[in-house]
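One structure is given below, encoded as structure tokens.
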Amino acid sequence: MAYLLVVDSSMRGDASVSRRLTGLATARWLATHPSGRVVRRDLEAHPVPHLDHVAGAARRTPPDQHTSAQAERWQLAEELIGEVRDADAVVVGFPLYNWGPPSTVKAWVDNLFAPGLSRERGTGKGLLGATRFIVFATRGGGYGPEAPKYGWDHATPWLVHALSALGIVPEVIAVEMTLSVVNLALESFRPMMERDLAVAEAAIAKLW
Ligand SMILES: Cc1cc2nc3c(=O)[nH]c(=O)nc-3n(C[C@H](O)[C@H](O)[C@H](O)COP(=O)(O)O)c2cc1C
């Protein structure tokens, strides 16, 4: 049965813009796939372990020679990669934290790298390209060419490059200036956020 994989990572609960957008996308997908189901991975509530020496060794050692600790980490890679590979589509809520990705998303993506599972052994060819992948990038500030911090968003460029090594070409829908709602000094930027939100909502209505 077709399923939508929904990956959230915001620490802001109900105030989260990215969670609201993954929620709207989920509703849209369910409306157009009435017999589909939704698989959720909330990285904030249930982070996956960082790539450490055990996970590294599990990737260099043939599975039939794994220690039990390595087997556990290989099994996790199989589970996470299978979840993406077999999904009809993946939607990811992706806040900007300290000019980079949430560390939970970094750890999740690190775990998606495994030779023979997500990348062809020898060639390194990405094997996850068949899955549609949509990212809702939310940023408190603005990072366009006119912005003082242009070039400081290191999250989205990293994610796009990392996923490309797995064969994935993500569709990125961004909402900037979300801090204009909570920071009075940024209030004048609220129309920019509202414009981004309207564009994001229109894009979601056309996803499926
Ligand atoms: C820990 C933390 C770090 C943040 N760092 C940045 C930052 O570097 N640049 C920025 O523009 N906004 C930053 N923000 C603001 C978030 O990007 C903004 O609140 C965004 O809407 C978060 O996504 P969410 O609404 O889904 O929670 C930060 C927020 C938090 C909680």
Taking placed amide H atoms and a strict 5 Å upper bound, the residues 5 or more places from residue 142 or on another chain that come that close are 177
Mind listing the long-range amide H neighbours of residue 42? Cut-off is under 5 Å, sequence gap 5 or more, other chains count too, H placed in the peptide plane at 1.01 Å from N. 8
Segment residue 187-residue 39, extension gain: residue separation times 0.36 nm, minus the distance between their alpha carbons: 49.6 nm
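Given contacts defined as C-alpha pairs under 8 Å and at least six residues apart, what's the relative contact order of the chain, whole-number percent? Could the numbers behind the result be given before it?
Details: 350 pairs, mean separation 46.0, N = 208.
Averaging sequence separation for qualifying contacts and normalising by length gives 22 percent for the chain.
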Two pseudo-spin positions, 7 Å from Cα along C-beta at residue 76 and at residue 26, lie apart in nanometres by 2.3 nm
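Is region 1-117 rounded, prolate or oblate when judged by the Cα gyration tensor, a ≥ b ≥ c being the square roots of its eigenvalues, rounded requiring a/c under 1.5 and prolate requiring a/b larger than b/c? Can you show the working numbers first?
Values: a/c = 3.03, a/b = 1.50, b/c = 2.02.
Since a/c reaches 1.5 but b/c is at least a/b, the shape of region 1-117 is classed as oblate.
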Residue exposure sequence - 143, 3 - by fewest surrounding Cβ within 10 Å: 3, 143
Starting from the eigenvalues of the Cα gyration tensor, five times each then square-rooted, give me the equivalent ellipsoid semi-axes of the chain, largest first, whole Å. 32, 20, 15
Run the numbers for residue 46 and residue 127: contour at 0.36 nm per residue of separation, minus the present Cα-Cα distance, in nm. 26.6 nm
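How large is the charge dipole for region 3-205, taken about the Cα centre, if only the Cβ atoms of Lys, Arg (+1) and Asp, Glu (-1) carry charge, to the nearest 20 debye? Let's see the in-between values first.
Numbers: 20 positive and 22 negative charges, 43 e Å.
Result for region 3-205 is approximately 200 debye, rounded to the nearest 20.
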For region 6-75 and region 110-160, compute the distance between their C-alpha centroids and round to whole Å. 15 Å
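Multiplying the sequence separation of residue 195 and residue 147 by 0.36 nm and subtracting their Cα-Cα distance, what value in nm do you get? Please report the intermediate quantities before stating the final value.
Working: separation 48, 0.36 × 48 = 17.28 nm, distance 1.65 nm.
Result: 15.6 nm gained on full extension.
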What's the Cα-based Rg to Rh of region 160-208, Rh via Kirkwood? 1.15
Only bridges with both residues in the chain count here: give the DSSP antiparallel percent, nearest 5. 10 percent
Label points 7 Å out from Cα along the Cβ direction at residue 53 and residue 103: separation in nm? 2.0 nm
Summed side-chain charge close to residue 14 - residues other than residue 14 whose Cβ falls under 15 Å, Lys, Arg +1, Asp, Glu -1: 0
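Scan the chain and hand back the longest stretch that contains none of the trypsin sites (Lys or Arg not before Pro) lying in DSSP loops with at most 11 other Cβ atoms within 10 Å. Write out the running numbers ahead of the final one.
Numbers: sites that count: 121, 206.
Segment 1-120 is the longest.
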Farthest positive-ward along the chain dipole, Cα basis, beta-carbon charges - from 2, 184, 56: 2
222 nm [θ] for the chain, helices only, -39500 (n - 2.57) per DSSP H run of 4+, per residue, to 500? -12000 deg cm²/dmol
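Every number in this text was worked out from the coordinates using simple rules, so none of it is lab data. As the structure is a prediction and not an experimental result, all values here were calculated from the model. Backbone-built Cβ (ideal geometry, glycine too); neighbour counts: all protein chains shown.
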